[in-house]
1. Give me the pairs, please: first residue somewhere in the stretch 23-34 and assigned by TED's automatic domain parsing to the domain that holds Val54 and buried (at least 16 other Cβ atoms within 10 Å of the Cβ), second residue anywhere and β-branched (Val, Ile, Thr) and not in a helix (DSSP H, G or I), beta-carbon distance under 6 Å, and either six or more positions apart or on two chains.
2. Select, from Arg84, Arg121, the only residue that is touching a helix residue (DSSP H, G or I) at 6+ places or on another chain (Cβ under 9 Å), modelled with pLDDT under 90, basic (Lys, Arg) and more than 17 Å from Leu61 (Cα to Cα).
3. Would you please name the residue that is nearest to Glu44 (Cα to Cα), looking only at residues in the stretch 133-172 that are in a strand (DSSP E or B) and in contact with a Pro (Cβ under 9 Å, 6 or more places away or on another chain)?
4. Any idea which residue in the stretch 52-75 is farthest from Leu86 (Cα to Cα), counting only those that are assigned to a strand (DSSP E or B) and acidic (Asp, Glu)?
5. Hey, Ala179 hits all of (1) among the aliphatic types (A, V, I, L, M); (2) closer than 30 Å to Gln47 by Cβ; (3) outside any strand (DSSP E or B) but one; which does it fall short on?
6. Are there any pairs with C-beta distances below 9 angstrom linking a residue in the stretch 5-22 that is in the same structural domain as Ser74 (by TED's automatic domain parsing) to a residue that is among the aromatic types (Phe, Trp, Tyr) and part of a helix (DSSP H, G or I), with the two at least 6 apart or on different chains, and if so which?
7. Kindly evaluate Arg77 against the criterion of being at pLDDT below 75 and surrounded by fewer than 19 Cβ atoms within 10 Å (Cβ to Cβ).
8. I'd like to check something: does the stretch 40-56 contain any residue that is β-branched (Val, Ile, Thr), farther than 30 Å from Gln122 by Cβ and out of contact with any Phe, Trp or Tyr (no Cβ under 8 Å at 6 or more places or on another chain)?
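The values are calculated or read from the model by the stated rules, or taken from the named source; none is laboratory data. The structure presented is a predicted model; accordingly, all values stated were derived computationally and were not measured. Note that we place each Cβ from the backbone using ideal geometry, even for glycine, and neighbour counts take in every protein chain shown.
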Amino acid sequence: MKTTMTAKGMTITPAIEERVLRKTQTMSKYLRPGTEMIVRMRKEKNQRIVEITVPMNGVMLRAEASSEDNLFMSIDRALAKLERQLLRHRTRLDKRLREGLPQDPQPEFIEDLNVDEQRARQVVRSKTYTVRPMSQEDAIMQMELLGHNFFVYIDMDTNDSHVLYLRKDGNLGLLVPEA
């Protein structure tokens, strides 16, 4: 497995590099040998944020974790999230995972695997609504009026479907699907 590290607002010391490489190598039991793992670390105020991305065969796995002034804890938390994603989506990712792996390897980073996390998610409610063309400003207003954290609409200029969503930082994001 190939691990690429980048840092913003901080320096990657040999101790940090050794710890990241040692921890990420344990994830090789879930992934093919040639898989690339991208680890981005950044410092924002007193937060140490670690983002791990694993692109593989049309699927993008991503985990992000932060902690106050403790980079190593952020690394462990991000790897636990990534491992949880791999275990949760094992059946879907099975074709992309390495051949001959044990079916139930002991999780390395997850301390407590809840029964709820093991159960597959299912659709419990379906809703139909009419989508009408509108401007981005109208979609923002409509989303705020409804009190939702996302809103699907058709852009009146391009006639394409757009998804407007509320980001963790309080700003808005826009998804524009492309065929």
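1. Hits for this filter: Thr24/Thr3.
2. Working: Arg84 fails: more than 17 Å from Leu61 (Cα to Cα).
None of the others qualify; the one that does is Arg121.
3. Restricting to residues being in a strand (DSSP E or B) and in contact with a Pro (Cβ under 9 Å, 6 or more places away or on another chain), the top hit is Val163.
4. For the stretch 52-75, the residue satisfying everything is Glu68.
5. Condition (2) is where Ala179 drops out.
6. Every condition considered, the pairs that remain are Ile16/Phe72; Arg19/Phe72.
7. No, not satisfied.
8. Of all residues in the stretch 40-56, those β-branched (Val, Ile, Thr) come to 49-50, 52-54.
From what's left, farther than 30 Å from Gln122 by Cβ: 49-50.
Imposing the further condition that a residue be out of contact with any Phe, Trp or Tyr (no Cβ under 8 Å at 6 or more places or on another chain) reduces the set to 49-50.
Checked the stretch 40-56: at least one residue is β-branched (Val, Ile, Thr), farther than 30 Å from Gln122 by Cβ and out of contact with any Phe, Trp or Tyr (no Cβ under 8 Å at 6 or more places or on another chain).
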